[in-house]
1. Quick check on this structure: which one of A5, A50, A100 is surrounded by 10 or more Cβ atoms within 10 Å (Cβ to Cβ) and of a type in the set (G, A, S)?
2. Could you tell me whether any residue of region 65-81 is assigned to a helix (DSSP H, G or I), of a type in the set (S, T, Y) and under 41 Å from the mean Cα position of the chain (by Cα)?
Amino acid sequence: MCVDATQRGLAAVIQSLVRESKNAASLRADAVVVQQKQVDKAVKRIQAKAHERHQEVLRWLRESELLLQDVEELGSVEDFLRRTEAKMRSLAMELDHLHA
């Protein structure tokens, strides 16, 4: 009888350990799910920020291209003004010779 009681006691301890082990495994699984959700949220925040930055870079590139076009146009205008100034000097010299 003492052996039966000991065996029942051991069986109860083993069953208790199995239940605790299952509970611990369930808690670990729940923790993993919670951590995965946190990781997913963090990834979404990072992706949203990356998308914002990408849009900023695209806007900056468009603005840079427009500025470059403006600079090129100004260079053309500057060349035109220099040619016009040279022609005006030439005409002024011709006028001076005509009046002389």
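None of the figures in this text is laboratory data; all of them are computed from the coordinates on show. Every value quoted in this text rests on a predicted model; they were computed, and no experiment measured them. As a convention, Cβ positions derive from the backbone with ideal geometry for all residues, glycine included, and neighbour counts pool all protein chains shown.
1. After applying the criteria, what remains is A50.
2. Among the residues of region 65-81, at least one is assigned to a helix (DSSP H, G or I), of a type in the set (S, T, Y) and under 41 Å from the mean Cα position of the chain (by Cα), which makes the answer yes.
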